[in-house]
Amino acid sequence: METSQTQSLIAFSLMYGIGESLGSIVFPPYSEAFGRKPILTCSALLLPLGCLVTGLVPSITGAYIGRFIMGATASVPATVIVGSLEDMWEPATQGHAIYAWVLSAGLGVALGPIYGTYIISVLGWRWLYHIGAIGSFCVFVLLLLGISETRPSKLLGNHIIAVQPYAGKLSLRKQTADDHVPDFRTFCQSAIIQPARIFIQEPIILTMATLSAIAFSLVFLFTEALDVVFQPYGFTQTSYSLSFIAYVMGMVCGIPVRLLEFRHLDKRAETKELEPEDKIIGFATGAPVLAAGLWLMAWTTPPLVHGIDWIVPMIGLAGAGFAANEIEYALGNYLADTYTVYASSAFAAYSTLRALLSGIFPLFADQMYNGLGSNVAGSILAGTATLWLVSPYVFMKYGKRLREKGKFAKFSVDVDQTCRTVGSDVLGRQDC
């Protein structure tokens, strides 16, 4: 399949980002209305289809369609799983689960360019998608056999239906969030536009989506930029992908930092109820490390700087990996605590912008780094990160006031508490 670099980037990068952004809008409200399990299993079944279309169809059209399908289905774990984690864990402990998810997802994204480059060099690019189809189908089988429903309102509704025959003429009203969809038309009119409403009406979502999207999308920009950065050091087109090991090491270095924070929060929870603002320490840590790492990368590499070993910019790259994961975790945890039963819709708005930037960044990375040079191009990224430095401290001080003014943030907490209370009264246990 002979195509230009621009066509390839649009097909393999932008179409994936567009598919993921649209999926982030459509699928999470569906999971809130009808439950998590159906959408998770269906997406896991469609992902191998997208891989096969991309790898088997001989024209660029197949890549456009296949990558769009892959992006749309990949949006489900990126958004719905966080809602499922919020369903299963209390705010005091759900940070552990969310961090494990964020770290594993981030490691997958960062390791992809490494094994992908070597698979392509040995077997050809089509085999990358054949292997992806096999692996994702195995995941589908595991999900089909091993997961249960987690959505509180869905579980409560199922339990009420089960006990209703024993209640006689007494009607047990389902007191859940207003996300029950009686028909498809109502679903299209209300549930699908809910993430858009949250994005527009909640300043927390707008701000955090922008900050996290840029930090997260850097790894996609690096897939095109690092080849330019490390080429003067003699890295080949294949070996440059190994530079992502530094990015991965940075992410792994965040584990002890996170364990220390968990210990700190556990002790603090013994004396007071934790607020969402108590859990954004990772944001306050990651923001300055990201800026420092990007500045280090920008001004320790050719063409304007010479005589510095390649390990030095690698340290900066590791800092970027550490920071991106810390920021992603902290902001994700904050949204889960803030929007509770609407966590999936909140993450839909949050993830839509992130997905779009992930698809757009690689389009201009090569021209940016080749045209401006690694130093100037890197300085633009570092300067942008420097502008964020005050953001975490603003949220730590004024975040509670912003939450109290948000319609969905305030209502979702009330709904979650009502659901748990009603479930306890009806069933005699905390099944909700």
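Bear in mind that the values in this text are calculations on the coordinates, not laboratory data. Because the structure is predicted, anything quoted here is derived from the model rather than measured. Positions of Cβ are backbone-derived with ideal geometry, glycine not excepted, and every protein chain shown enters the neighbour counts.
Summary of computed values
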| quantity | calculated |
| --- | --- |
| Net dipole in debye of the stretch 278-383 [+1 Lys, Arg Cβ; -1 Asp, Glu Cβ; about Cα centre; nearest 20] | 120 debye |
| Taking Ile193, Ile10 and counting other C-beta atoms within 10 Å, the order from fewest to most | Ile193, Ile10 |
| Burial ordering of His96, His306, fewest other beta-carbon atoms within 10 Å first | His306, His96 |
